[in-house]
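Notes follow the structure.
The values are calculated or read from the model by the stated rules, or taken from the named source; none is laboratory data. From a predicted model like this one, the values you see are computed outputs, not experimental measurements. Note that each Cβ is placed from the backbone with ideal geometry, even for glycine, and that neighbours are counted across all protein chains shown. Accessible surface areas use protein heavy atoms only, side chains included; no ligands, DNA or RNA. Shrake-Rupley method; radii C 1.70, N 1.55, O 1.52, S 1.80 Å.
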Amino acid sequence: MLFLFDYFIHKPFLTFPRKRTVLYNYIYILLKYYEKIQNPVLGFCQPHIQSTVSFFSSREILSRIENVILGIVTSLSKDENPVLALPNRSSWANVSFDSAIGLQMNSGSSVTSIRSDSPSSVHKFAQILKIFLVIYKLVQSNSYATKRDIYYNNTQLFGSQKTVDSIVDDISCMLKVPRRSLHVMATSKGLISGDLCYLEEDGTRIDCRSGSAAVAVSSNIGGIRNIVSSAKFVMIVEKDATFQRLLDDDFCAKLSPCIIITGKGVPDVNSRLMVRKLWDTLHIPIFALVDADPHGIEIMCIYKYGSVAMSFEAHNLTVPSVMWLGLLPSDLQRLRVPEDALIPLTKRDESKLSSLLKRPYLTSQPDWQKEMELMQQTQVKAEIQSLAAIAPDFLTNIYLPNKLRYGGWDLSPMLPLNGKTSELLKLVAKLKKDRPCNCPA
């Protein structure tokens, strides 16, 4: 089977009809393979200990993949050209906004057709089938692979890592299951530090309390258990440079017990899952510290409301309670940040800012709108590091302690009022009441 597949892909001199014939042969053999492994005598899908990384049983995942292949073979049996319908993950028309969830994909969303009879899409058709086959084997054997592993399985076929990343997410969306349920992992780029200990799925104990070094965010968030923390809040930090500065200044020890995490810019899925995991487990305030620019605001919105591309997983990824701690555009005026530390908005910044102001979730955030409109008026932006122009230690010794002590972040609206939200509001009030260590009076 694999030989036929590779033969189909790596013989560019074949005419298109010939390629299609080999592809069809591959599909027929794949079907026979499924029929064989489903034979009860061979012990199809023998029971095994269900991993906490998955919300779906292996049997259900395998069944969904088989249904896709069955659809392809059914088309062939009718002498029709198989077509794969992938949900369109790049269109705002396919998502709706819910204040308690964020951006979520609509049912009946528009799709992109990947045709097996089109020279422009037959290669992608084969790429998708190849990844389906890899995923099927992983789930069946209860083993795991990274997206990088899949890419190196056939670099000539995929061409780039980005292709594999996109197709894995397409398949996840198509099957309506989280990517981790497909037994495909992604290497995390995020870092975490602070008052936090937990066990990995394999029993490894992770201690994030070292003040001088951070811990890499787990690549298996679903497998984390026995979380222990006395943190009063979690702070998302946009940039690695700022995160490292907070570590160097021993921020978590100087202030109330807390947890800081960074996705090093635009967050990967694991960083977002980790923030969501902490929110679901600890029920403490989640703050965001980002640059006062359109890019930083959008990164904060990804944590809070999600993204169009991953809207099909909104229930697992978004944290609608995230509060904008700083750096606010109004802070630049209030703190009189030196003009030479401010940066003029570029045309690209202005375009991004206009786009953000049109996002559906901004109608529920009037304070955010005012901040962004202020940025439009002043035509300047600033990085968090600009606070060093006031004083070298201004960020950790003055700005953040006072923000957390006296407020000054966006609080409205967070979530529909319920038990969890009421508890959160009490914790926020307590943060303001309790004077943190080494915090200016």
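Could you please give the count of residues in the range 388-405 that are open to solvent by less than 30 Å² (accessible area, probe 1.4 Å), touching a residue at least 12 places away in the same chain (Cβ under 8 Å) and either outside any helix (DSSP H, G or I) or among the charged types (D, E, K, R) (or both)? Please lay out each step first, then the result.
First pass over the range 388-405, keeping only residues open to solvent by less than 30 Å² (accessible area, probe 1.4 Å): 391, 394-396, 399-401, 403-404.
With the extra rule that they be touching a residue at least 12 places away in the same chain (Cβ under 8 Å), the set shrinks to 395-396, 399-401, 403-404.
Next, from what is left, pick out any that are either outside any helix (DSSP H, G or I) or among the charged types (D, E, K, R) (or both): 403.
Number satisfying all stated conditions: 1.
Screening Val322 against (1) open to solvent by 10 Å² or more (accessible area, probe 1.4 Å); (2) of a type in the set (A, V, I, L, M, F, W, C); (3) out of contact with any Ser or Thr (no Cβ under 6 Å at 6 or more places or on another chain) leaves a single unmet condition, (1).
Scanning the range 389-398 for residues that are over 29 Å from the mean Cα position of the chain (by Cα) and within 19 Å of Ala288 (Cα to Cα) returns Phe394, Asn397, Ile398.
Selection of strands (runs of 3 or more DSSP E) fully inside the range 226-318 by the criterion of at least 2 residues being within 21 Å of Leu103 (Cα to Cα) returns 286-289.
If a residue must be at pLDDT below 90 and either in a helix (DSSP H, G or I) or touching a strand residue (DSSP E or B) at 6+ places or on another chain (Cβ under 7 Å) (or both), how many such residues does the range 171-181 contain? Don't jump to the end; show me each part of the working.
Narrowing the range 171-181 to residues at pLDDT below 90: 172-181.
From the residues that got through so far, the ones that are either in a helix (DSSP H, G or I) or touching a strand residue (DSSP E or B) at 6+ places or on another chain (Cβ under 7 Å) (or both) too are 172-175, 179-181.
Here the count works out to 7.
Every listed requirement among (1) open to solvent by 50 Å² or more (accessible area, probe 1.4 Å); (2) under 14 Å from Val184 (Cα atoms) is met by Ser110 save one, (2).
The single condition among (1) open to solvent by 40 Å² or more (accessible area, probe 1.4 Å); (2) in a helix (DSSP H, G or I); (3) hydrophobic (A, V, I, L, M, F, W, C) that Phe97 does not meet is (2).
The numbered conditions (1) part of a helix (DSSP H, G or I); (2) out of contact with any Gly (no Cβ under 7 Å at 6 or more places or on another chain) are all true for Ser143 except (1). If you go through the range 332-359 and keep only what is assigned to a helix (DSSP H, G or I), surrounded by 14 or more Cβ atoms within 10 Å (Cβ to Cβ) and not aliphatic (A, V, I, L, M), you end up with Asp349, Glu350, Lys352. Which residues, taken from the range 149-181, are among the hydroxyl-bearing types (Ser, Thr, Tyr) and open to solvent by 10 Å² or more (accessible area, probe 1.4 Å)? Hits for the range 149-181 are Tyr151, Tyr152, Thr155, Ser160, Thr163, Ser166.
For Arg89, the test of being open to solvent by 30 Å² or more (accessible area, probe 1.4 Å), touching an Asp or Glu at 6+ places or on another chain (Cβ under 8 Å), under 29 Å from Gln156 (Cα atoms) and in contact (Cβ under 8 Å) with a residue 12 or more places away in the chain is passed. Scanning the range 375-387 for any residue that is part of a helix (DSSP H, G or I), without any contact (Cβ under 8 Å) to a residue 60 or more places away in the chain and more than 15 Å from Ile343 (Cα to Cα) turns up nothing.
Taking the criterion of being under 14 Å from Lys381 (Cβ atoms) and of a type in the set (A, V, I, L, M, F, W, C), the residues of the range 314-348 that qualify are Leu327, Leu328, Leu332, Val337, Ala341, Leu342, Ile343, Leu345.
Criterion first (over 11 Å from the mean Cα position of the chain (by Cα) and more than 23 Å from Ala231 (Cβ to Cβ)) does Pro285 satisfy it? In short, no.
So which residues in the range 182-225 are of a type in the set (S, T, N, Q), assigned to a loop (DSSP other than H, G, I, E, B) and open to solvent by less than 20 Å² (accessible area, probe 1.4 Å), if there are any at all? Within the range 182-225, Ser218 is the sole residue that qualifies.
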